[in-house]
Amino acid sequence: MELYLYIALFSPLVGALFAGVFGASPKTLLTGVVNSSLLFASFVSSAVLLGYVLDGHTVHVEMMEWMATGNLYIPFGFVVDQVSVTMMMVVTTVSTIVHIYSIGYMDHDKGFNRFFSYLSAFVFSMMVLVMSDNFAGLFIGWEGVGLCSWLLIGFWYHKEIATWAANEAFIMNRIADLGMLIGIFLVYWNTGTLQYDEAFKVMPTLDTNTLIYIGIFLFVGAMGKSAQFPLHTWLADAMEGPTPVSALIHAATMVTAGVYLVVRANPLYDTIPEMGLFIASLGAFVAMFAASMALVNRDMKRIIAYSTLSQLGYMFVAAGLGAYWVALFHLMAHAFFKALLFLGAGNVMHAMSDELDPFKMGGLRKQMKGTFILMTLASVALAGIFPLAGFFSKDAILEVGFVTNHYVIYSVLLITAGLTAFYSFRLIALIFHGEERYKLFGFHPHEAYKFMLIAMSPLAVLAVIAGSFKTTYFDMVTQILPKTEYHIHSEIVEWVMILGTQIFVMLAIFYAYKKYVNFKGEDKEFEKRLCYKILINQYYIPYMYEEFISKPYRELSTIFWKKVDLKVVDATVDCIANGIYKAGENTREMQDGNLSSMLRWMVVGTVLLLSLAVAFGMAVRYADEISAVLSGLGA
Amino acid sequence: MFEAIAFYLFAILTAVMFYITVTTKQALFALTALAAGMIFISAFFFILGADFLGVVQIIVYTGAVMALYAFGMMFFDTTRELKEKNGSSLITAGLSILSAVFVVLIFVAPIVSTKVQVTAAAIEGATNSQSVGMVLFTKYLVPFELAAVMLLVAMIAGIVLAGKKMDRSLTLMGEEEIMLAEEARRKVLL
Amino acid sequence: MMEIGLTHYLILSTVLFSIGLLGVMRRKNLLMLFFATEILLNAVNVGFAAISHYYNDLTGQMFAFFIIAIAASEVAVGLGLLIVWYKRHGNINLDEMSSMRG
């Protein structure tokens, strides 16, 4: 089984290096094919491991020693257990599909090989992140995915906005990673180890305050990666990257790393329910907050990005309330339909020559039948209609909120479910139904390559049937996660809840259709309203960050540059340099090339050395007296 | 009493001779004064009972070294007055006196402070030359032989340096000159 | 004053050494410079012989011998070099030897 583990882990790395070799050369189809097949190998190995884990085994290997100094011992250890194998399956499935899809999507791009190199490197980092058996390895993977995310968001580096978005994402994650690093240090100080199992064994014996600090700092890291409020702005801007990147990194895998961390650290968060409640509340808030911003947005990819944000909020609600398996299940289901949605959006973008405004589309279902079906399926799954994947996972989260008596969170999530349905179908209606507005703008849409659609179809299948795995999945994961089943005691209440949710969501869908199917043009009246302005400007949060953080920071930096750096630091350095320079200038006359004066200087040097020798000889001989005098001075 | 008179007499004579050597403008004067100083120095050796050393001093310095210098002087045509530009003699004098004082301080300090161990005592009842010979051919045999080799090397070096063809320097000659010289050499060989 | 001790000889040695050093610094003619170095060596020799006498140890004299040997070699090689220099440049003045000037 170790062999499969290594294949699953390292074949993406091999792919990254292979494509990297051709990084600077023009497009070769070879890199795409080789990388996709390597990813497929990784997927197959993960599937084999999944079968093995389903039989009740786990694999734990220690590849090599990494650091061993004193009490610190950190190996390159990898573990395949019920949690990590779930993540591995999600990562390898989605990334294999995205790789194949990218062969078509990046067809005309100059950086084809470079793209595949980055993409495979990302998958490798993500695998390290989920498979590591200690916090240090997790952190390496964490930084690795951050780096690859930066590379890929800024993939079209000639676009200034893309580089700006890449830097924003990277810097925001850096702020969060500092918190995460502090959390890891705290874990090490208090437990003396970074291995998950050993550290979590010690944790119940620690006092609550320490645990809360560890919990807070680790969660800060999770907030950055999973783009939770107030570090959420980078995710929407990250949509500047190529769409397959958005599908893989900013929907399916990397942004869920935060959820994975909380799930992984479940023994820790179980001991501090206050923190859990905070996580759940924040999750619920973000779910609604992000969904509201998606309502009015006019950028197809941003809408889906806000939807991702909102779904991440759902996951944190489940994780915060102790339903870790539910969080992980929603993570998995969400990865499938969200990646599908993004890839569909990519098709639309290609068809519309990179146009992102759904107001300029409409009626595309005639030209793009396949994409239309796939995206509709994904949206239905996202909205949580029975019997698609979203229904099972999202309904479970709602139940969790209800059963644990957190009615506020429950109602917030319920409303958000309606909002989700609304904005998803607003998008579908605007893109695929109604008049063919794109003709006014002179677009000539065409369907994507067939193999791209075929590559997407497994995701569609998974988005439809993922719900049926729920029981198997539950049996598997609860071997290491808390086995909390959520059942509403009275059957009638349960039916009412499920049906009520379904009807509410249906209504939202119909309302969206009714409003946007016969969309004529922009509603000028509506756009003048305050609530629209707030939502379209993302609650003015990016503006406030700019005004209250970036600008003061910049001014402070200018002050430090002008006052401290130039006048203190630079001046000191210059002073030393000038002193040495002047000393050289003044003493160069000694080197006048005249042998006689050299002889004279030689004698001067001899005298100096001799006097030093005499002084030291004296000092040694009268050492006792000198020290007596010195101590007398001191006293 | 006699020793004291001899010491002071020769001390003054030596110092004056050497002073003339380093200050005079006539090269011939300097040479003569130096030779005289050397002979006076040997007087100290005789007073100190180092007869053999005194003889060596007279033979080597006054005999060989001075003769060499005399030849050198004839060669360099330095019999006319020397033209030298001198810097501040006060500084030079001060420096030389200072360094000499320091040297003495350093070498005398351990002698005065600690008991010196005699490593090669003079043999009872033997003359100076006999005991010098005993020590030189036992304890200092290797340095003595090395000194002999060094003298041989120096002799050969002197002969080679002063010989013919040494007036040309390949480093100072241009590329063409070297080629010409090389060709001339080849012609001679043929 | 009348009893001559080691100190007297050492002071004499110092005086001779300073005279030699004065010569080294003052002289510009290379041959004269050689004379000055001979004075330095002789000054040291006097010191060695005196110490040898007053401590009844022949080591001092041994060193004096070796110094004389070194002085002789120095004269042989040095004069050879001087001759070469004189053949090439026609003078042996220190101030003219400035090929080391940077």
Could you work out the mean count of beta carbons from other protein chains within 10 Å of each residue's beta carbon in B:30-41? 3
Using a simple spin-label model with points 7 Å from Cα along the Cα→Cβ vector, what separation in nm is obtained for B:Met150 and A:Val573? 5.3 nm
Integer Hz, Karplus 6.51/-1.76/1.60 couplings in order for region A:382-399, x for Gly and Pro: 5, 5, x, 8, 5, x, 7, 4, x, 4, 5, 6, 6, 4, 4, 5, 4, 4
Please get the size of the charge dipole for region B:1-84, origin at its Cα centre, with Cβ charges of +1 on Lys and Arg and -1 on Asp and Glu, quoted in debye to the nearest 20. 200 debye
In peptide A:617-627, what is the residue-averaged number of other protein chain Cβ atoms found within 10 Å of each Cβ? 1
Highest to lowest packing among C:20-28, A:403-411, A:164-172, scored as the average C-beta count within 10 Å: C:20-28, A:164-172, A:403-411
Taking the alpha carbon gyration tensor of the protein assembly as shown, what are the square roots of 5 times its eigenvalues, largest first, to the nearest whole Å? 99, 34, 27
Given the Cα-Cα distance of A:Lys551 and A:Tyr407 and 0.36 nm per residue of separation, how much length would full extension add, in nm? 47.8 nm
Residues listed by number, region A:575-617, amide nitrogen under 15 Å from B:Ile106 label point at 7 Å toward C-beta: A:602-617
Given a Förster distance of 22 angstrom, what is the FRET efficiency for B:Phe71 paired with B:Lys25, based on the Cβ-Cβ distance and rounded to 0.05? 0.55
Roughly how much accessible area, to the nearest 100 Å², goes out of reach of solvent when B and C pair up, both sides summed, probe 1.4 Å? 7000 Å²
Among A:Ile100, A:Ser46, A:Met87, which residue has its Cα furthest toward the positive end of the charge dipole of region A:45-115, with +1 on Lys/Arg Cβ and -1 on Asp/Glu Cβ? A:Ile100
Pairwise over distinct Cα atoms, reciprocal of the mean inverse distance: report the Kirkwood radius of region A:318-455 in Å, one decimal place. 16.2 Å
For A:Ile492 and A:Thr471, what does the FRET efficiency come to when R0 = 35 Å and r is the distance between their Cβ atoms, rounded to the nearest 0.05? 0.90
Under a 1.4 Å probe, counting only protein heavy atoms, A:Cys148 has an accessible area in Å², nearest 10, of 10 Å²
Counting every C-alpha pair in region A:83-226, the percent lying more than 23 Å apart is 45 percent
So if R0 is 35 Å, what FRET efficiency would A:Val21 and A:Val48 give, r being the distance between their Cβ atoms, rounded to the nearest 0.05? 0.75
Net lengthening on full extension, A:Met506/A:Tyr157 (0.36 nm per residue, minus Cα-Cα): 121.4 nm
Return the long-range amide H neighbours of A:Val80 (sequence gap of 5 or more, or a different chain), with a cut-off of under 5 Å between placed amide H atoms. A:Val59, A:His60, A:Val61
Do the alpha carbons of any pairs in A:Lys27/A:Lys360; A:Lys110/A:Lys338; A:Lys225/A:Lys483; A:Lys301/A:Lys360; A:Lys27/A:Lys301 sit beyond 23 Å of each other, and which pairs? A:Lys27/A:Lys360; A:Lys110/A:Lys338; A:Lys225/A:Lys483; A:Lys27/A:Lys301
Region B:1-84: C-alpha pair distances exceeding 16 Å, %: 57 percent
Cβ-based charge dipole, chain A, positive-most Cα from A:Ile576, A:Phe510, A:Phe115: A:Phe510
Dipole of region A:331-451, Cα-centred, from +1 at each Lys and Arg C-beta and -1 at each Asp and Glu C-beta, to the nearest 20 debye? 240 debye
Shielding by other protein chains, B:42-52, mean Cβ within 10 Å: 5
So what is Rg over Rh here for region A:217-298, counting just Cα atoms and using Kirkwood for Rh? 1.01
Amide H to amide H, which residues 5 or more places from B:Ala121 or on other chains are under 5 Å from it, using H placed in the peptide plane? C:Leu58
Summing +1 for each Lys or Arg and -1 for each Asp or Glu, what net charge is found among the other residues whose Cβ lies under 14 Å from the Cβ of A:Gly192? -1
Go ahead and collect, in residue order, the members of region A:88-131 whose backbone nitrogen is under 18 Å from a label point 7 Å along the Cα-Cβ direction of A:Glu2. A:131
Report, to one decimal in Å, the Kirkwood hydrodynamic radius for region C:29-94 based on all distinct Cα pairs. 13.3 Å
Top of C:Ala64, C:Ala43, C:Ala76 by mean-square fluctuation, Gaussian network on chain C, Cα under 10 Å: C:Ala76
Over region A:18-141, equivalent-ellipsoid semi-axes from the Cα gyration tensor in Å: 31, 19, 10
Can you give me the Cα centroid spacing of region A:17-61 and region A:353-413 in angstrom? 30 Å
Solvent accessible area, Å² - A:Asp109, 1.4 Å probe, full protein context: 40 Å²
Label 7 Å along Cα→Cβ of A:Leu30; region A:102-130 residues with amide nitrogen under 16 Å? A:112-114, A:116-117
Using unit Cβ charges (K, R positive; D, E negative) and no other charged atoms, how large, in debye to the nearest 20, is the dipole of chain A about its Cα centre? 1900 debye
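The values are calculated or read from the model by the stated rules, or taken from the named source; none is laboratory data. In this text the structure is predicted, and so the values were computed from the model without any measurement. For neighbour counting, all protein chains shown are included, and Cβ atoms are generated from backbone atoms with ideal geometry for every residue, glycine included. Just so you know, the surface numbers come from the protein's heavy atoms only, side chains and all, with ligands and any DNA or RNA stripped out. Shrake-Rupley method; radii C 1.70, N 1.55, O 1.52, S 1.80 Å.
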